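Peer 1: Structure in structure tokens, see below.
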Amino acid sequence: MISMKKIHSTSLSWNIRDKILLLENLEMYVSAGLMLDEALRISSGLFSAKQNKVLIQVHVHVSQGNLLSSAFAKYIQFSPTLIALIEHGEHSGNLIQSLRMARMVMERQDILIKACLSALTYPIVIA
């Protein structure tokens, strides 16, 4: 079994683009009719070896009857807002819509971060 320190260090390898890709794939597979644990298993093949180990832990966590949102909070370090959004979708039966909304929020966040960094480039060069 992987220690918590090792899991935490591997969770740092999940950047925002990787998280968006994961949410996008889960949304696609679940909306196509696959069960969540099968969607997680299939999605694990798209990521690096470190990320794959984390996804295996998420898969085990979900297979034991726990919520996907709690697995994301524990292993991948999603923000509390996104965790609450996904958890609400799990409880209300609207997981697909919650995954879509979480993905859209993260995509907008990524665009805003890139725009801010781009806007700061000129003052940094001048300074």
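Peer 1: Does GLU90 satisfy the condition of being touching a Leu at 6+ places or on another chain (Cβ under 8 Å), closer than 20 Å to SER31 by Cα and among the charged types (D, E, K, R)? Break it down into steps so the answer makes sense when it comes.
Peer 2: Values: touching a Leu at 6+ places or on another chain (Cβ under 8 Å): yes; closer than 20 Å to SER31 by Cα: yes; among the charged types (D, E, K, R): yes.
It is true that GLU90 is touching a Leu at 6+ places or on another chain (Cβ under 8 Å), closer than 20 Å to SER31 by Cα and among the charged types (D, E, K, R).
Peer 1: Same structure, new question: Please work out which residue is surrounded by the fewest Cβ atoms within 10 Å (Cβ to Cβ), limiting yourself to segment 45-55 and to residues that are hydrophobic (A, V, I, L, M, F, W, C) and closer than 17 Å to LYS19 by Cβ. Step through it out loud before you land on a result.
Peer 2: Looking only at segment 45-55, we keep the residues that are hydrophobic (A, V, I, L, M, F, W, C), and these are 46-47, 49, 54-55.
Applying the additional criterion that residues be closer than 17 Å to LYS19 by Cβ yields 46-47, 54-55.
Values: LEU46: 13, PHE47: 18, VAL54: 25, LEU55: 22.
Taking the candidates together, the pick is LEU46.
Peer 1: Okay, next question. List, please: which pairs have Cβ atoms under 9 Å, are six or more places apart or on different chains, and start with a residue in segment 69-88 that is under 14 Å from LEU55 (Cβ atoms) and without any contact (Cβ under 8 Å) to a residue 40 or more places away in the chain and end with one that is aromatic (Phe, Trp, Tyr) and not in a helix (DSSP H, G or I)?
Peer 2: PHE72/PHE78
Peer 1: Let me ask another. Take the residues in segment 63-87 that are of a type in the set (S, T, N, Q) and either closer than 15 Å to VAL105 by Cβ or at pLDDT 90 or above (or both), then tell me which one is least open to solvent (accessible area, probe 1.4 Å).
Peer 2: Residues of segment 63-87 of a type in the set (S, T, N, Q): 63-64, 66, 69-70, 77, 79, 81.
Those left that are additionally either closer than 15 Å to VAL105 by Cβ or at pLDDT 90 or above (or both): 63-64, 66, 69-70, 79, 81.
Working: SER63: 68, GLN64: 131, ASN66: 65, SER69: 2, SER70: 47, SER79: 52, THR81: 106 Å².
It comes out as SER69.
Peer 1: May I pose another question? Confirm whether ARG103 is among the charged types (D, E, K, R) and either closer than 15 Å to LEU26 by Cα or within 12 Å of the chain's Cα centre (by Cα) (or both).
Peer 2: Details: among the charged types (D, E, K, R): yes; either closer than 15 Å to LEU26 by Cα or within 12 Å of the chain's Cα centre (by Cα) (or both): yes.
Criteria met by ARG103.
Peer 1: Within segment 106-127, take every residue that is of a type in the set (A, V, I, L, M) and either in contact with a Cys (Cβ under 8 Å, 6 or more places away or on another chain) or open to solvent by less than 60 Å² (accessible area, probe 1.4 Å) (or both) and give me the one that is farthest from GLU24 (Cα to Cα).
Peer 2: Going through segment 106-127, the residues of a type in the set (A, V, I, L, M) turn out to be 106, 111-113, 115, 117, 119-120, 124-127.
If we keep only those that are either in contact with a Cys (Cβ under 8 Å, 6 or more places away or on another chain) or open to solvent by less than 60 Å² (accessible area, probe 1.4 Å) (or both) as well, we get 106, 115.
Values: MET106: 11, ALA115: 22 Å.
That would be ALA115.
The values are calculated or read from the model by the stated rules, or taken from the named source; none is laboratory data. Worth saying up front: this structure is predicted, and the values here are computed from it rather than measured. Glycine also receives a Cβ, built like all others from the backbone with ideal geometry; neighbour counts cover every protein chain displayed. Surface areas here come from the heavy atoms of the whole protein model, side chains and all, with no ligands, DNA or RNA. Shrake-Rupley method; radii C 1.70, N 1.55, O 1.52, S 1.80 Å.
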